[in-house]
Amino acid sequence: MPVDIDIAKVAKLARIALTDDELDQYGHQLEDILEHAERVQALPTEGIEPTSHPMPMVNGFRRDEVGECLDPDSFLSQAPDTRDGQFRVPRILGE
Amino acid sequence: MKPGWEAVIGVETHVELSTRSKMFCRCPVDVDAAPNTACCPVCLALPGALPVPNEQAIEDIVKIGLALDCAINERSLFYRKNYFYPDLPKNYQISQYTFPVCEHGSIEIEAEDGPVTVGITRVHMEEDTGKSTHVGDGGGRIHDADHTLLDFNRAGVPLVEIVTEPDLRTPEQARAYGSELQRIVLALGVSDAKLEAGSMRFDVNVSVRRTGDPEFGTRTETKNVNSLRSLQRVVAFEIDRQVELIEAGGSVTQETRHWNEETAQTAAMRSKEESEDYRYFQDPDLLPLEVSEPWRDAILASLPELPADRRARYVEAGADAAAAELLADSRGLSSRFEEAVAAGANARTVAIWLTGDVVAHLRRIDGDIDATVLSGDHLAELSAMVEAGELSSSAAKDVLTATIDGEGSPRDIAEAKDLMQVSDVGEIEVAVDAVLAANADAVAKIADGDMKPMGFLIGQVMRETGGKADPKVVQQLVRAKTQG
């Protein structure tokens, strides 16, 4: 079951720059993975209830309570650029 | 709207919940905190951090859904909405896709052209992004910025998105919808719903079509509209722009636009984002949500009275529709109205005082009703005095403002200012008799069937009593004594 995939588009959406060789290599690998998924999808699943999680668990809530935050210097110091206690990035909109 | 055209409008509203902590971590929801001081590994998307949902936020969204008459899905799922933007630390927003918490609701609004039922497609749970400040020569405008500063205190704040069906048709209806939704959210107490502060904001979809055309036209989406007035203006502007475009032989482009308050125009966003492919998939870090029937029922039982019900109750009590709306919109006015009515006041009179004289006086003194001593009991006392004929309605207004100014109880003020009306029939009768005796001509004319001097006689009695006699009693007595 061959699967067609636009690997260049996938790379672009994920903001990953790939060379032509890499596009070819990862394209084949992804196609293999999706072909396997196709085989799984072909299994007869009639009468089996759909699940979204292997364990019969739901919610996993926490109570609405405030906890500790990080010292801003601890993470701002890792950023390429900061100003006045904020992260600084180049202009967002293009022309 | 130009004859021959019809607009189709849908609104997406984002409401920030005012929980104590964020949606998936324990950082505080604090808009006043210094930049980046309410952040942790989860809301900054540091590697390995895992989200844990806030139970209160789920309870709050169920409240909103129930207030909007939605079905609450017993099972719902969190999805990842993938896109790249500097204010989004994880490069995805945790949101919902298929199976939102609430679906298929509706809301009744009252617009100038009558009542409209607006379908609610869905209400889903998500998280807010960080806050961007665009810095440059353009005075904060994104197009002129040369760089952007990012504060992630808001990243991860619980955000509820409420999506309508395309059921709105006019700018006024869009505004009425936004206004009613804000009232509901405020009544539920789940958000401060401050449009100017961005804790409630609208994205508005507008398309136009020729009247009678069953097909929808191409729509535009104008994002982040932050006042009710702007909501109305955005829709009006887009309708005119699209109709003009089509009539000139052009066509509408499906696009995202933004509203410029200064120029009062929408303009297309020029975005680097080329593809709107969010590649939604279920978030593997989060379990399915389950809102059990007992939980839902308990939340339903805890809902406060909704604004529409409150307005209807005030109208039922005797207030007119406009006054009922003003009262229901103000906690300070409504609590006093309810206290006064509970203490036996005339609801119609008190509604008029509160929404007219009280509001006008507060505006004059630039005051807040809760900073004054005016109580429901004061209003009830004043109402009782007017009903008993002890105070004329115009004197009551003077007593009312003096009460707001803290001069004492209405009765004390009326007595101190010598405003009490004389309703005692015996006392007034003395004055009437004196006036009739002194004006035998007038009395004779009335006896001959000429009613003209009646007003003169009543005026004389009022003068005799220094204006304090109850005019109703005076009138009755003068009539009885002259017409036999």
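The values are calculated or read from the model by the stated rules, or taken from the named source; none is laboratory data. If you're wondering where the values come from, they're calculated on a predicted model, not measured in any experiment. Here the Cβ is made from the backbone with ideal geometry for all residues, glycine too, and neighbour counts use every protein chain on show.
Scanning segment B:97-132 for residues that are touching a Ser or Thr at 6+ places or on another chain (Cβ under 7 Å) and within 14 Å of chain A (Cβ to nearest Cβ) returns B:PHE99, B:VAL101, B:SER132.
Of all the numbered requirements in (1) at pLDDT below 85; (2) at positive phi, B:PRO471 misses one, and that requirement is (2).
Residues that are away from chain A (no Cβ under 14 Å) and surrounded by 21 or more Cβ atoms within 10 Å (Cβ to Cβ): does segment B:16-35 have at least one?
Quick first cut of segment B:16-35, residues away from chain A (no Cβ under 14 Å) only: B:16, B:31-32.
Of the ones still in play, those that are also surrounded by 21 or more Cβ atoms within 10 Å (Cβ to Cβ) are B:16.
Yes - at least one qualifying residue is present in segment B:16-35.
Taken over segment B:428-437, the criterion of being in contact (Cβ under 8 Å) with a residue 12 or more places away in the chain and surrounded by fewer than 19 Cβ atoms within 10 Å (Cβ to Cβ) is satisfied by B:GLU429, B:ASP433, B:ALA434. Residues in segment B:303-325 that are more than 17 Å from the chain's Cα centre (by Cα) and in contact (Cβ under 8 Å) with a residue 40 or more places away in the chain: B:LEU303 alone. For B:LEU44, indicate whether it is assigned by TED's automatic domain parsing to the domain that holds B:VAL118, farther than 27 Å from B:ILE184 by Cα and of a type outside the set (Val, Ile, Thr). Spelling it out, B:LEU44 is indeed assigned by TED's automatic domain parsing to the domain that holds B:VAL118, farther than 27 Å from B:ILE184 by Cα and of a type outside the set (Val, Ile, Thr).
Identification of strands (runs of 3 or more DSSP E) wholly contained in segment B:23-124 with 1 or more residues that are in contact (Cβ under 8 Å) with a residue 12 or more places away in the chain and hydrophobic (A, V, I, L, M, F, W, C) yields B:92-95, B:102-111. Once segment B:1-15 is narrowed to residues that are part of a loop (DSSP other than H, G, I, E, B) and not charged (D, E, K, R), the residue that is surrounded by the most Cβ atoms within 10 Å (Cβ to Cβ) is B:MET1. Looking at (1) more than 21 Å from the chain's Cα centre (by Cα); (2) within 30 Å of B:LYS22 (Cβ to Cβ), which one does A:SER52 not meet, given that it meets all the others? With (1) more than 21 Å from the chain's Cα centre (by Cα); (2) within 30 Å of B:LYS22 (Cβ to Cβ) applied to A:SER52, the lone miss is (1). Here the strands (runs of 3 or more DSSP E) wholly within segment B:208-271 that include at least 1 residues being in contact with a Leu (Cβ under 8 Å, 6 or more places away or on another chain) are B:220-225.
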